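These notes are about the structure you will find just below.
Read-outs: derived from the displayed coordinates by stated rules, not from any lab. Everything numeric in this text was worked out from a predicted model, so none of it was measured. In this analysis, Cβ positions are derived from the backbone assuming ideal geometry, glycine residues included, and neighbour counts consider all displayed protein chains.
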Amino acid sequence: MTVLIVGGAYQGKKELAKKLFHLNDNDFVGMENKAIYNLHEYIKLNNITDVSDFANSLKNKIIICDEIGCGVVPIDKKLNDWREITGRVCCEIASFADIVIRVTAGMPQVIKGRI
Amino acid sequence: MKIVITGGSASGKSANAEKIICKYAKNNLYLATMQPFGHEAQKRIKRHLELRQGKCFDTEECFTNLAEFKPKKQYDGILLECVSNLLANEMFSPNGIGFDNVANHILNGINNLEKYCKVLVIVTSEIFSDGENYPYETMEYCKLLGQINQNLFHLSNAAAESVCGILLPYKGANLL
């Protein structure tokens, strides 16, 4: 099962994921575990050459990513690319995810599938 | 009928807007507002062209003064993409109207478009949630886009936000 959890920073996404999917902190370590925390940070530090391939490599995981595209478009090209790729990766994951949840102030809004 | 789609960068706004307009109309105009300056703009324009390929859209461009725009013919649907570019063009480009009365200028332009189609789908942007402080011109731009979006949502038959490609309706969900 693939789950995508998005929302602004500091909204309680990880706590919610732990509660809903019975995870502990160790489950979020690295990229090979069953859960991934702060996908946007990983994207910032790594060169994503193919959005589809990268998204597909995250199948069957619980993925947490900040929504970072709702601000003024940055002048800096690198920052702009980061926002763009993060958004595209999330669209791609959401297209095959069983469940997509948007979290605001700790409150989950299930926007795809059911929990 | 007027439908507004908003969303952050790379949130799937365009793909959703195209899907909606194709549901209602076969004879469509894609009205582009992005000025093709620089490599980034070219890249975006190319991506959008590819998205629309084979989907029965004519394409025209309007960078400023939408109120005077007259398409080459009458359409079933017009997709305006997007209000945030249009506002930047009006405020910051040499051909734009400047800062005064620009919100009304754009809203008049959108009213004008409605004369030429049955379904108008408008794409706008969420740029309001980074908590940053920018120079006066940028803050003014944000404020005006916020005002325009409020007006558009109020006057629309349906409005939704695209999040990771998923549409979250604010009103008129049955029309989306």
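Report, in cubic angstrom per residue, the convex hull volume of the C-alpha atoms of region A:1-56.
On the way: hull volume 5.6 nm³, N = 56.
About 99 Å³ per residue, rounded to a whole number.
Applying a DSSP loop filter and a limit of 13 other Cβ atoms within 10 Å to the chymotrypsin sites (Phe, Trp or Tyr not before Pro) in region A:1-102 leaves A:Tyr10. Note on the protein assembly as shown: Cα-Cα pairs beyond 22 Å make up 59% of the total pair count. Put simply, the Cα atoms of region B:2-170 extend 43, 36, 35 Å along their principal axes, the longest span coming first.
Pairs of alpha-carbon atoms within less than 8 angstrom and 6+ residues apart define the contacts here; what relative contact order does chain B have, in percent? Across chain B, relative contact order equals 35 percent.
Too long at a 25 Å Cα-Cα cut-off: which of B:Lys13/B:Lys171; A:Lys61/B:Lys19; A:Lys13/B:Lys23?
A:Lys61/B:Lys19; A:Lys13/B:Lys23
Label-to-label distance for A:Ser57 and A:Asp98 is 2.4 nm, based on points extended 7 Å past Cα in the beta-carbon direction.
A DSSP coil position with no more than 11 other Cβ atoms inside 10 Å describes the following GluC sites (Glu not before Pro) in region A:1-101: A:Glu32. Remark: spin-label model distance B:Gln147-B:Asn112 equals 1.9 nm, labels positioned 7 Å along the Cα→Cβ axis. For B:Lys70, the lysines whose Cα falls under 19 Å of its own Cα, not counting residues fewer than eight places away in the same chain, are B:Lys2, B:Lys115, B:Lys118.
About its Cα centre, how strong a charge dipole does chain B have in debye, to the nearest 20, once Lys and Arg get +1 and Asp and Glu get -1 at the Cβ? Provide the component values of the computation, followed by the final result.
On the way: 18 positive and 18 negative charges, 179 e Å.
Dipole about the Cα centre, nearest 20: 860 debye.
Coupling constants for region A:88-96 follow from the phi torsions by the Karplus curve (6.51 cos²θ - 1.76 cosθ + 1.60, θ = phi - 60°), and in residue order they are 5, 4, 5, 4, 5, 4, 4, 5, 10 Hz; glycine and proline get x.
Please arrange B:Cys164, A:Cys65, B:Cys62 by how many other C-beta atoms lie within 10 Å of their C-beta, fewest to most. Don't skip to the end; give the middle numbers.
Numbers: B:Cys164 29, A:Cys65 25, B:Cys62 18.
Lowest to highest Cβ neighbour count: B:Cys62, A:Cys65, B:Cys164.
Between B:Lys19 and B:Arg44, the C-beta separation translates, for a Förster distance of 22 Å, into a calculated FRET efficiency of about 0.70. The eigenvalues of the Cα gyration tensor, multiplied by 5 and square-rooted, give chain A an equivalent ellipsoid with semi-axes of 22, 16, 13 Å from largest to smallest.
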